[in-house]
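The values are calculated or read from the model by the stated rules, or taken from the named source; none is laboratory data. Please read these numbers as outputs of a predicted model, since none were measured by experiment. Here the Cβ positions follow ideal geometry from the backbone for every residue, glycine too, while neighbour counts run over all protein chains shown.
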Amino acid sequence: MKARLTELTFTLTGKQRLVLELEDDFRKKFAELKDHDVRVEVKKWRKKRSLDANAYAWVLIDKIAQATGVPKTEVYRQAVREIGGVSDIVAVPDNAVDKFREGWSKQGIGWQTEILDSKPGYKRIVVYYGSSIYDTKQMSALIDSLVQEAQALGIETLPPAEIARLNSQWEERQVG
């Protein structure tokens with residue numbers, strides 16, 4: 001849910017009180033959760049990707065797979081690994097690496113891991129996020145990468161103006 005932080009104060013007992021202005025109606029959920037402990041995650045708001053942009057990405061993936069004989073899932077996974085801003089590096093104890101990688105990959109096709117060398121007892125793991133959580137900028141990078149690959153293979157792609165429209169479509173919905 002989109003919100004704006006408006007105030008941070010302290011109670012007499014020293015606890016912090018955070019005030020949010022919410023864009024959506026939260027009354028029903030508030031009534032259900034009032035006086036209960038809840039899990040809260042606050043992070044900077046970013047516009048989500050357009051489903052039309054996602055559909056076009058999969059059209060390109062399909063065409064690239066047909067042209068190269070590489071399975072669609074591998075075309076997608078490779079594209080995810082090649083764009084920036086969609087991965088992190090985490091350190092995991094050696095005895096937890098397999099379980100961590102298995103759990104990460106269960107989130108979707110693009111949710112991949114790559115093991116790097118590390119200090120004894122730990123492995124550094126590159127974790128890649130799948131496009132299901134990409135914002136407009138990240139989805140645009142994925143589509144641009146797929147367009148470049150498709151064009152290199154002689155595959156016809158949408159004109160640049162149409163691709164730009166797909167990439168900005170979510171922003172237009174937010175303003176309208």
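I want to confirm something. Restricting to the range 103-136 and keeping residues that are basic (Lys, Arg) and farther than 22 Å from residue 84 by Cβ, which single residue is nearest to the chain's Cα centre (by Cα)? This residue is 106. Checked across the range 69-82, the condition of being modelled with pLDDT of 95 or more, more than 25 Å from the chain's Cα centre (by Cα) and not small (Gly, Ala, Ser) holds for no residue.
So is residue 105 without any contact (Cβ under 8 Å) to a residue 60 or more places away in the chain and closer than 25 Å to residue 145 by Cα or not? The answer is yes for residue 105.
For the subset of the range 107-153 comprising residues that are out of contact with any helix residue (DSSP H, G or I) (no Cβ under 6 Å at 6 or more places or on another chain) and among the aromatic types (Phe, Trp, Tyr), which member is surrounded by the most Cβ atoms within 10 Å (Cβ to Cβ)? My answer is 134.
Just a yes or no: is a residue in the range 21-33 in contact with a Ser or Thr (Cβ under 9 Å, 6 or more places away or on another chain), within 30 Å of residue 158 (Cα to Cα) and touching a residue at least 12 places away in the same chain (Cβ under 8 Å)? Before the answer, list the steps.
First, the residues of the range 21-33 that are in contact with a Ser or Thr (Cβ under 9 Å, 6 or more places away or on another chain): 21.
Keeping just the survivors that are within 30 Å of residue 158 (Cα to Cα) gives none.
Looking for residues that are in contact with a Ser or Thr (Cβ under 9 Å, 6 or more places away or on another chain), within 30 Å of residue 158 (Cα to Cα) and touching a residue at least 12 places away in the same chain (Cβ under 8 Å), one finds none in the range 21-33, hence no.
Rundown of residues vs (1) out of contact with any strand residue (DSSP E or B) (no Cβ under 8 Å at 6 or more places or on another chain); (2) surrounded by 18 or more Cβ atoms within 10 Å (Cβ to Cβ), yes/no style:
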site: 52; (1), (2): yes, no
site: 86; (1), (2): no, yes
site: 91; (1), (2): no, no
site: 94; (1), (2): no, no
